[in-house]
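Written below as structure tokens is the structure these notes are about.
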């Protein structure tokens, strides 16, 4: 049985908060999909399809989340050229 909308929202919120807390512990798993349930990481997958299909097959109540750990792009440092106003 699928939970009510408020049950689903609580599950999503709980999973997202847990995922945010766990981010620093999983830096090596960039661009991976995390199957989450009841605020816990269940497993890590290479594809969204694998994570979602596992969750759908294992949890009849459909109470799970899939979160993506994105690789952060390196910030480009802008350098300003100083104009001197001197004529050569």
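The values are calculated or read from the model by the stated rules, or taken from the named source; none is laboratory data. Remember, it's a predicted structure, so these values are computed and weren't measured experimentally. Positions of Cβ are backbone-derived with ideal geometry, glycine not excepted, and every protein chain shown enters the neighbour counts.
Can you pull out every residue in the stretch 21-55 that is modelled with pLDDT of 95 or more, part of a helix (DSSP H, G or I) and closer than 18 Å to residue 10 by Cα?
55
Test each condition in (1) surrounded by 11 or more Cβ atoms within 10 Å (Cβ to Cβ); (2) within 12 Å of the chain's Cα centre (by Cα) for residue 38 and report the one that comes out false.
All conditions pass for residue 38, except number (2).
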